[in-house]
Amino acid sequence: MATDRPIVVIVGPTASGKTAAAVSLAKKINGEIVCADSRTVYKDMNIGTAKPTMHDRQGITHWGLDVISPFERYSAAQFQRYARSVISDIHARGSVPIIVGGTGLYIDSIIFDYIFPTPPTVEDRESFEVMSLEQVHIHCIKNSIELPEQNKNKRHLERLIHAPGNTGQRRLVPKNNTIVVGIATGKEDIKQRIEQRTEQMFDDGVVDEAKMLGKKYGWQSEAMKGNIYRIIKNYFNGQIDLQAAKEKNNIADRQLAKRQMTWFRRNPYIVWLVKDELEKNIIARLD
């Protein structure tokens, strides 16, 4: 990707209004939106992932939606390759890429140029299987991988070993001409917006969507294991009623928002702004 052309990044917790802010901005700066969201990347999962509708998009080109099927895995490294290609194309058209999302690893993989480790081969995994816990610990120490407090779970340690950033191969500061802003929101505002969105999802037919997805892709598919679809499966099984399903989704999304903010707070280069200030700030910095 060219380093002398601007990239705008808008981050924030779930339900903070990122899409609406990005669409409004895109209209003013000839922008195209690149969605950095690990939920909306899946095909057919529209209502339950709060994927922006055609009405929401208001004619602005959106990338990163409907990329893979729900039974497929999708990694941050795959997103990075996809986003880099899209950003180059957007720049070639003389437009401004606006990366929008709440999946922190996706965002950071672009602005800090992560170099992802090579995915483990079958031989790597077989070798790991026969290692004792002590040998795994020694491997981590030799490779400067910080052991977590809970370091007795080999499966957790395997994921840690193959996680991005372990080799330190990433930028320490964002790429040149990258403008990174976050939507500043209060806890009560997010709580209310999540509850409103949950009600809207059920009004829009998320239960029927979940039934269709379960039948088409299977309830054990990768994307169906998380968020609202897992909760609706419990409703279908008679374990909870509809009101309990809504409340469980509200709780899950509040927890998600908290995790997202924990991630974003580690990045000192994010300029946090209320929505009314965000657009003006970005345009001024682009000028």
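The values are calculated or read from the model by the stated rules, or taken from the named source; none is laboratory data. This structure is a prediction, so every number in the text was calculated from the model and none was measured. Reconstructed Cβ throughout: ideal geometry from the backbone, glycine too, with neighbour counts over all protein chains shown.
Filtering region 260-287 to residues that are exposed (fewer than 13 other Cβ atoms within 10 Å of the Cβ) and either among the charged types (D, E, K, R) or in a helix (DSSP H, G or I) (or both) leaves T262, R265, R266, D276, K280, A284, D287. Suppose we keep only residues that are of a type in the set (F, W, Y) and outside any loop (DSSP other than H, G, I, E, B) within region 33-89. Which one would you say is surrounded by the fewest Cβ atoms within 10 Å (Cβ to Cβ)? Result: Y82.
Would you confirm whether or not region 52-72 contains a residue that is closer than 22 Å to P174 by Cβ and in the same structural domain as W263 (by TED's automatic domain parsing)?
Start the filter on region 52-72 by keeping residues that are closer than 22 Å to P174 by Cβ, which leaves 63-64.
Checking the rest, the ones that are also in the same structural domain as W263 (by TED's automatic domain parsing) come to 63-64.
Yes, region 52-72 contains at least one residue that is closer than 22 Å to P174 by Cβ and in the same structural domain as W263 (by TED's automatic domain parsing).
Within region 94-134, the set of residues being small (G, A, S), surrounded by fewer than 18 Cβ atoms within 10 Å (Cβ to Cβ) and modelled with pLDDT of 85 or more comprises G94, S95, S132. Taking the criterion of being among the charged types (D, E, K, R) and touching a strand residue (DSSP E or B) at 6+ places or on another chain (Cβ under 9 Å), the residues of region 38-55 that qualify are K43, K51. Of (1) surrounded by fewer than 17 Cβ atoms within 10 Å (Cβ to Cβ); (2) out of contact with any Pro (no Cβ under 7 Å at 6 or more places or on another chain), I228 satisfies all except one. Which? I228 satisfies all of (1) surrounded by fewer than 17 Cβ atoms within 10 Å (Cβ to Cβ); (2) out of contact with any Pro (no Cβ under 7 Å at 6 or more places or on another chain) except (1). The residue pairs whose first member lies in region 239-259 and is free of Cβ contacts under 8 Å to residues at least 12 places away in the same chain, whose second member is of a type in the set (S, T, Y), and whose beta carbons are closer than 9 Å, counting only pairs six or more residues apart or on different chains, are D241/Y235; A244/Y235; E247/T198.
So, Q200, is that one outside any loop (DSSP other than H, G, I, E, B), within 22 Å of the chain's Cα centre (by Cα) and without any contact (Cβ under 8 Å) to a residue 24 or more places away in the chain or not? Yes; evaluated as a whole, the condition is true for this residue.
When the residues of region 201-245 are narrowed to those that are charged (D, E, K, R) and in contact with an Asp or Glu (Cβ under 9 Å, 6 or more places away or on another chain), which ends up nearest to G48 (Cα to Cα)?
Top of the filtered list is E209.
Taken over region 19-60, the criterion of being small (G, A, S) and free of Cβ contacts under 8 Å to residues at least 12 places away in the same chain is satisfied by G59 alone.
When region 135-167 is filtered for residues that are loosely packed, with under 14 Cβ neighbours inside 10 Å, β-branched (V, I, T) and at pLDDT 75 or above, only I138 remains. Tallying residues that are modelled with pLDDT of 70 or more and on the phi > 0 side of the Ramachandran plot within region 168-184 yields 1. For D203, the stated conditions hold: it is over 22 Å from Q255 (Cβ atoms) and modelled with pLDDT of 95 or more. Are any of the residues in region 21-32 among the small types (G, A, S), in the same structural domain as N267 (by TED's automatic domain parsing) and assigned to a loop (DSSP other than H, G, I, E, B)? No. Looking at the structure I just gave you, is K275 within 21 Å of A50 (Cβ to Cβ) and modelled with pLDDT under 95? Yes. Scanning region 70-109 for residues that are small (G, A, S) and in contact with a helix residue (DSSP H, G or I) (Cβ under 7 Å, 6 or more places away or on another chain) gives A76, A83, G101, G102, G104, S109.
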